[in-house]
Protein chains: 4
Amino acid sequence: MSSSLGKMFRVTIFGESHGPCIGVVIDGCPAGLMIDEGGIREELRRRSPREPEISTSRREPDEVKILSGVFRGYTTGAPLCMLVRNEDVRSHNYHEVRYRPRPGHADYTAYVKYGGYNDYRGGGIFSGRITVAMVMAGAIARKILAHFGIKIIAHTIEIGGIKARRPSMELIEELASRSPVGCADLKASAEMVKVIKEARRLGDSVGGVIEVIALNVPPGVGEPVFDTLEGDLAKAFFAIPGVKGVEFGAGFKAASMKGSEYNDQFIIRHGRIATKSNNAGGIQGGISNGMPIICRIAFRPPSSIRRPQRTVDLRTLKETVLRLQGRFDPCIVPRALPIVKAMMAIVLTDHMIQAGMIPRVIKE
Amino acid sequence: MSSSLGKMFRVTIFGESHGPCIGVVIDGCPAGLMIDEGGIREELRRRSPREPEISTSRREPDEVKILSGVFRGYTTGAPLCMLVRNEDVRSHNYHEVRYRPRPGHADYTAYVKYGGYNDYRGGGIFSGRITVAMVMAGAIARKILAHFGIKIIAHTIEIGGIKARRPSMELIEELASRSPVGCADLKASAEMVKVIKEARRLGDSVGGVIEVIALNVPPGVGEPVFDTLEGDLAKAFFAIPGVKGVEFGAGFKAASMKGSEYNDQFIIRHGRIATKSNNAGGIQGGISNGMPIICRIAFRPPSSIRRPQRTVDLRTLKETVLRLQGRFDPCIVPRALPIVKAMMAIVLTDHMIQAGMIPRVIKE
Amino acid sequence: MSSSLGKMFRVTIFGESHGPCIGVVIDGCPAGLMIDEGGIREELRRRSPREPEISTSRREPDEVKILSGVFRGYTTGAPLCMLVRNEDVRSHNYHEVRYRPRPGHADYTAYVKYGGYNDYRGGGIFSGRITVAMVMAGAIARKILAHFGIKIIAHTIEIGGIKARRPSMELIEELASRSPVGCADLKASAEMVKVIKEARRLGDSVGGVIEVIALNVPPGVGEPVFDTLEGDLAKAFFAIPGVKGVEFGAGFKAASMKGSEYNDQFIIRHGRIATKSNNAGGIQGGISNGMPIICRIAFRPPSSIRRPQRTVDLRTLKETVLRLQGRFDPCIVPRALPIVKAMMAIVLTDHMIQAGMIPRVIKE
Amino acid sequence: MSSSLGKMFRVTIFGESHGPCIGVVIDGCPAGLMIDEGGIREELRRRSPREPEISTSRREPDEVKILSGVFRGYTTGAPLCMLVRNEDVRSHNYHEVRYRPRPGHADYTAYVKYGGYNDYRGGGIFSGRITVAMVMAGAIARKILAHFGIKIIAHTIEIGGIKARRPSMELIEELASRSPVGCADLKASAEMVKVIKEARRLGDSVGGVIEVIALNVPPGVGEPVFDTLEGDLAKAFFAIPGVKGVEFGAGFKAASMKGSEYNDQFIIRHGRIATKSNNAGGIQGGISNGMPIICRIAFRPPSSIRRPQRTVDLRTLKETVLRLQGRFDPCIVPRALPIVKAMMAIVLTDHMIQAGMIPRVIKE
């Protein structure tokens, strides 16, 4: 286990799906940041299941409790610990999967790695529930970035094979906020909802793709050779359960482009250096170039489905059939939007501190 | 700059394209490993430009010199430093790009980040030349992994829009070795060669996709929540110049699959737990599950092209036109095969030491 | 702030003296360890003020709450979070020191570093109260070490100028347990108690020296050049409030010895390699040699005293006089014994995991 | 092995006593620093054996070669690698110690830890020769600190039981430079020389104590809870071969002081906050307070002596007698002065970057 991320803004996560709580400690948070618990709660609300027809029925109030690092409403520079209690827990559903790992889940690998001592209830620390900790830390990071004019937006661009068209950059956020699946192409959004409902009806699930964009990141963020901005962002995104691919700018499409098409020509825009296109996704040589940082993240379909599946009994090494019961999300993508934004904010904050762009005390 | 990778098997890189050498220090290498300089040289040879018609004409003998950490042919447990001299260097070609950043390159971001003090000749540390260090360290890591029966293979699956069909796992290596571009689909390989030659003729360049596979990795490798195997592999791959996307198993295609299609059902094969399909690419919950680890990596086309491009003069902030001269690779993908294998080997070695699967002394 | 210690067994601390709680997260704890909350409570009890006449009157029940990482009484391999609530808090005493830093305390440096946003009540995170987190983590580490036959003992060898004679190794623990100040020389112990009482009567305080010993550590623990066992132990001890010196084996006395006196000659004892003397304190070249690891730690007198002291008002930069009121410890040394043992256990556990001597799953 | 130190200014060391070279890589060095090889050479010269009568007869020209990270005389921000060749090597002297570990040395622990694969010639990486790498890195760090007005001085305060009186702070450097053993008390210096010569005559060795002082360090440097300034300095000093104790300010003497004596009262001096005394050695709560940082470091006598010693044959586990021949230093202290200064400079530079006090680009 290695549950910490970051070098100068270091996030440590703890808690399990069916334990008493999910928590996070942030080490290296600048002092002087005004903390607004309402803002954190609002982010958590976006992560919560919303429309009953397209998500799980597990409901949690997710009230944040700050245990340290904040005094009289401002961060102190000391480690900031935040907790959310787990409440709507129904552990009896999970006993049957203890020795019969669910296909697609971490049940089997966790069993092997931790010698069967892992908390298998609800997937333990491998549950999507752990992303509550990411969102809490991300809310702090986004507050810091906002102080420097940096904004992070995310929208759904694919669900269950339905692809969305990307509107102009300025409209994305507003349009996506009107979609129950966070898709800025409202026509595609309607189809996505249909696909999710159909999957739910069939006891199945669907995957999708999220695009996340950071605006106004100054040039010079990123620490190559190895701590590139792409590398550290990708590492952070792969910690979100269900992510199987990450690409920046033109991404996999760049593989079929010619250099003369791909290369972003330098121009002067509003008196500053910019690039005409943004196939690099705002990152060159692992360092931000001042253009929007654009990243797309592929989510596999949620593993928990009600359709019968083959598995193996870990005690007898005999094949068997698994029929899962419980409350499952037919599609994780809409709820993953705030998680993706959180992870991007955490990595950018850490890197901007490393680059000397965020001071140790912020005067708000 | 952060030029170290790994926690227990820690690789530190130094050197620039037009400096005296490229070097690497490995800290945490197990003692007792027999070091065969010929094997390292052979890996470097694969990374060297081969067919004159499809690659740069820069030629370097790339003789490895071991400066520390090896005594009487075996690793001692002390830091292992290896060097390769730079020889075929023609720096005068690069003076003109000092203040006129090449589109697609790190020239601009390096200039901003290092205040103009960066060594701009040949891209300095942002040059593909730095991958010599990765290949040297990877040769050591692959030797360690071989001791545990682990094998890494890589093949080209796309160049310039030409996609290859993947043969059965057992044939990949042999077939790819017969292709000048490392593609196991020999018909596609011939077309890829044509595409590269055409790009070279036009003073242009093309990108591609590499698939890398690790066989016989035991289950239990990977340290979630944050140091997942996918995350650390992706981070390592994004350190290779030109990488813009990384995906595991079904990858981006997983986004359009249903859970009932995607989930890899558990079965018993040869008396051991396996999965029927391998959409997870051998990794579940960030931990290896014993199946082949499969990863695809997208490379943008090389940035250096002879076709005229727009850029900006950094002194005057005036737009201008850049006409590059020099020796350029029209496609980096074939030469990237050993680099990709090296990075996978480095990450796997580091993670297996973390998991307690590789001892501190190897008795060969 | 950097509140994490360790590489493979990583301890992260949070909480403040007058905040809601003190907590710790352990990342990298082996799975399968049976957790006994009573044992942790017992360690905390030793850290609590005992004899009213020689310590503070602040009283806390210090009930440990485990928030994650333990399932059905065994560690799961996931991050282990433990909390203790702060209860007997009287914050009103501290308002007057906000802008008038206490001599000897971290009030001034914390004010400068965190721009005045630090939680100054009771010293915030600089309070001795934070050592509750160290003791909790240490209790887990000591449990792991006990599994491998390693035992850590500590005793007071100096308080307020009174020096103790060290009895034979086997008697230390039993004799020290009979002393209210943890001193195995019971005659010196009686004098130490007198010195502490006298200091308390005068509104003053006294310092002292603790010796901590680890028995049965196998040879080969320690990661030079930089992560030496001495270096990592010293770093851990200096994190305990009040420590100003650390020495191993003969320590400062070694400076006046001749090589022929100092060098520990190798001999065979009970069929195994040992050294005749132990001036090296069980560590050579930064690596354990199998002999007892012996370390002495100097504590300055507690800073909070009732005698009037000069200070400066941080708002006016005028000199002023400070008369502290509150509940102060005239001597921290007796309560520091379990803290010192905890830190040694944490470092040894981390290093033994690094050396591959502790597996990732312990079968108890 | 873990041969890297530092978080943002990261020093990695490689090389062995009898290998081809000693080298160091600095990762995270600010760009724009003017590099003067003469200055580095001068530091190395101070580390070299000087007076033939009081030190080893091994002589090396120690010419520094910069392999990367410097372009046109300025640091580029890329990893800076420096090398010194080993020349005056006489390996045949060491074959006899392969299986007969020298008392006081790391021969035995290295043999155990690295399974007998360690390079035993001259102690391999455990040799004092490795400190050449520390001095090279320290020369860079001292250059950076000088840019911010910070100065580091060191002097010998004890050798072979002879203790020196400390002159006033301003005189230390000048007086110490006139002593062959770096002692500012010239009367004590003469006695120290005598003691060393006598030890040499008898085939024996003597230890000593160095005091190192950093002037003009701004308040606010240090990252508690765990990365305290004392802790990171102590860890760095314990990496120097032969160090057995480290203390700050009043150090071990603080243990016998009363709080009313020890506490450094705050006063106003030249319009700024200062302390009247400096028993804290310039560090409170792990953070610098603006006063001189004062540290004392105890060195055991060098282990290699010509007098016969008992040891054990590692093959037969039989006791035997060792009679060493070769070129030995009867006292390492005088040569350790630049090493101690180097380590302090490295740690301070790293911490000041962490604290945001040193920018990523320095304009000289």
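The values are calculated or read from the model by the stated rules, or taken from the named source; none is laboratory data. Here the structure is a predicted model, which is why all the values come from computation and not from measurement. For neighbour counting, all protein chains shown are included, and Cβ atoms are generated from backbone atoms with ideal geometry for every residue, glycine included.
Taking region B:100-112 as the search range and keeping residues that are part of a helix (DSSP H, G or I) and more than 7 Å from chain A (Cβ to nearest Cβ), which one is nearest to the chain's Cα centre (by Cα)? Even if it seems obvious, please write down each step before you answer.
First, pick out the residues of region B:100-112 that are part of a helix (DSSP H, G or I): B:107-112.
If we keep only those that are more than 7 Å from chain A (Cβ to nearest Cβ) too, we end up with B:107, B:111.
On the way: B:107: 21, B:111: 25 Å.
Going through the qualifying residues, I end up with B:107.
Modelled with pLDDT under 95 and within 22 Å of the chain's Cα centre (by Cα): does that describe residue D:328?
Numbers: modelled with pLDDT under 95: yes; within 22 Å of the chain's Cα centre (by Cα): yes.
It is true that residue D:328 is modelled with pLDDT under 95 and within 22 Å of the chain's Cα centre (by Cα).
Please verify whether region D:164-174 includes one or more residues that are buried (at least 16 other Cβ atoms within 10 Å of the Cβ) and either touching a Pro at 6+ places or on another chain (Cβ under 8 Å) or more than 30 Å from residue D:39 (Cα to Cα) (or both).
no
Can you name every residue in region B:151-163 that is surrounded by 22 or more Cβ atoms within 10 Å (Cβ to Cβ) and within 18 Å of the chain's Cα centre (by Cα)? Break it down into steps so the answer makes sense when it comes.
Taking region B:151-163 first, the residues surrounded by 22 or more Cβ atoms within 10 Å (Cβ to Cβ) are B:152, B:154-160, B:162.
Across region B:151-163, the qualifying residues are B:152, B:154, B:155, B:156, B:157, B:158, B:159.
Identify, please: which residue in region C:297-310 is at the interface with chain D (Cβ under 8 Å from one of its Cβ atoms) and in contact with a helix residue (DSSP H, G or I) (Cβ under 7 Å, 6 or more places away or on another chain) and is, among those, surrounded by the most Cβ atoms within 10 Å (Cβ to Cβ)?
Across region C:297-310, the extreme among qualifying residues is C:301.
Can you confirm whether region C:205-226 contains a residue that is at the interface with chain D (Cβ under 7 Å from one of its Cβ atoms), surrounded by fewer than 23 Cβ atoms within 10 Å (Cβ to Cβ) and either within 25 Å of residue C:126 (Cβ to Cβ) or among the polar types (S, T, N, Q) (or both)?
yes
Could you look through region D:229-282, keep only residues that are more than 7 Å from chain C (Cβ to nearest Cβ) and among the polar types (S, T, N, Q), and pick out the one that is surrounded by the fewest Cβ atoms within 10 Å (Cβ to Cβ)?
Out of the qualifying residues, it is D:277.
For region A:286-322, name all the residues that are over 17 Å from residue A:201 (Cβ atoms) and part of a loop (DSSP other than H, G, I, E, B). Please lay out each step first, then the result.
Of all residues in region A:286-322, those over 17 Å from residue A:201 (Cβ atoms) come to A:286-300, A:303, A:309-322.
Once the filter is applied, which keeps residues that are over 17 Å from residue A:201 (Cβ atoms) and part of a loop (DSSP other than H, G, I, E, B), region A:286-322 yields A:286, A:289, A:290, A:291, A:292, A:300, A:303, A:314, A:315, A:316, A:317.
Out of all the residues in region D:203-239, which are touching a helix residue (DSSP H, G or I) at 6+ places or on another chain (Cβ under 8 Å) and under 25 Å from residue D:188 (Cα atoms)?
D:204, D:205, D:206, D:207, D:208, D:209, D:210, D:212, D:213, D:214, D:237
State which residue pairs qualify: first residue more than 15 Å from residue D:286 (Cα to Cα) and inside region C:108-121, second residue of a type in the set (D, E, K, R) in any location, beta carbons under 6 Å apart, and separation of 6 or more residues or different chains.
Correct list of pairs: C:119/C:16; C:120/C:98.
In region C:331-346, is there at least one residue being within 14 Å of chain A (Cβ to nearest Cβ), part of a loop (DSSP other than H, G, I, E, B) and in contact with a Ser or Thr (Cβ under 8 Å, 6 or more places away or on another chain)?
Within region C:331-346, the subset within 14 Å of chain A (Cβ to nearest Cβ) is none.
No - not one qualifying residue is present in region C:331-346.
Answer with yes or no whether residue C:179 is part of a loop (DSSP other than H, G, I, E, B) and out of contact with any Pro (no Cβ under 8 Å at 6 or more places or on another chain). Step through it out loud before you land on a result.
Numbers: part of a loop (DSSP other than H, G, I, E, B): yes; out of contact with any Pro (no Cβ under 8 Å at 6 or more places or on another chain): yes.
Against the criterion (part of a loop (DSSP other than H, G, I, E, B) and out of contact with any Pro (no Cβ under 8 Å at 6 or more places or on another chain)), residue C:179 qualifies.
What pairs come up if the first residue lies in region A:330-343 and is under 15 Å from residue A:138 (Cα atoms), the second is among the aromatic types (Phe, Trp, Tyr) and buried (at least 24 other Cβ atoms within 10 Å of the Cβ), and their beta carbons are under 6 Å apart, counting only those six or more places apart or on different chains?
Cβ pairs passing all conditions: A:343/A:237.
Restrict the check to region D:126-148 and report whether at least one residue is touching a strand residue (DSSP E or B) at 6+ places or on another chain (Cβ under 7 Å), assigned to a loop (DSSP other than H, G, I, E, B) and at pLDDT below 95.
There is no residue in region D:126-148 that is touching a strand residue (DSSP E or B) at 6+ places or on another chain (Cβ under 7 Å), assigned to a loop (DSSP other than H, G, I, E, B) and at pLDDT below 95.
Only one residue in C:182, C:161, C:115 is at positive phi, more than 14 Å from chain D (Cβ to nearest Cβ) and modelled with pLDDT of 95 or more, so which one is that? Break it down into steps so the answer makes sense when it comes.
Working: C:161 fails: more than 14 Å from chain D (Cβ to nearest Cβ); C:115 fails: more than 14 Å from chain D (Cβ to nearest Cβ).
Sole residue among the options that is at positive phi, more than 14 Å from chain D (Cβ to nearest Cβ) and modelled with pLDDT of 95 or more: C:182.
Residues of region B:311-321 being surrounded by fewer than 22 Cβ atoms within 10 Å (Cβ to Cβ) and of a type outside the set (Lys, Arg), which ones?
Of the residues in region B:311-321, the ones surrounded by fewer than 22 Cβ atoms within 10 Å (Cβ to Cβ) are B:313-321.
Result: B:313, B:314, B:316, B:317, B:319, B:320, B:321.
Listed residues C:285, C:271, C:259; which is under 26 Å from the mean Cα position of the chain (by Cα) and among the small types (Gly, Ala, Ser)?
On the way: C:271 fails: under 26 Å from the mean Cα position of the chain (by Cα); C:259 fails: under 26 Å from the mean Cα position of the chain (by Cα).
On inspection, the qualifying residue turns out to be C:285.
So, residue A:140, is that one in contact with a Cys (Cβ under 9 Å, 6 or more places away or on another chain), closer than 30 Å to residue A:75 by Cβ and in contact (Cβ under 8 Å) with a residue 40 or more places away in the chain or not?
Details: in contact with a Cys (Cβ under 9 Å, 6 or more places away or on another chain): yes; closer than 30 Å to residue A:75 by Cβ: yes; in contact (Cβ under 8 Å) with a residue 40 or more places away in the chain: yes.
It is true that residue A:140 is in contact with a Cys (Cβ under 9 Å, 6 or more places away or on another chain), closer than 30 Å to residue A:75 by Cβ and in contact (Cβ under 8 Å) with a residue 40 or more places away in the chain.
Could you grab me the full set of residues in region B:349-359 that are touching a Phe, Trp or Tyr at 6+ places or on another chain (Cβ under 8 Å) and either in a loop (DSSP other than H, G, I, E, B) or surrounded by fewer than 18 Cβ atoms within 10 Å (Cβ to Cβ) (or both)?
We begin by selecting, within region B:349-359, every residue touching a Phe, Trp or Tyr at 6+ places or on another chain (Cβ under 8 Å); these are B:349-350, B:352-353, B:357-358.
If the condition is that a residue be touching a Phe, Trp or Tyr at 6+ places or on another chain (Cβ under 8 Å) and either in a loop (DSSP other than H, G, I, E, B) or surrounded by fewer than 18 Cβ atoms within 10 Å (Cβ to Cβ) (or both), then B:357, B:358 are the ones that fit.
Restricting to region C:2-22, give me the number of residues that are touching a Lys or Arg at 6+ places or on another chain (Cβ under 9 Å) and either at pLDDT 95 or above or at the interface with another protein chain (Cβ under 7 Å from one of its Cβ atoms) (or both). Steps first, please.
In the first step, residues of region C:2-22 are kept if they are touching a Lys or Arg at 6+ places or on another chain (Cβ under 9 Å); the result is C:2-5, C:7-8, C:12, C:15-22.
If we keep only those that are either at pLDDT 95 or above or at the interface with another protein chain (Cβ under 7 Å from one of its Cβ atoms) (or both) too, we end up with C:2-5, C:7-8, C:12, C:15-16, C:19-22.
The qualifying residues number 13.
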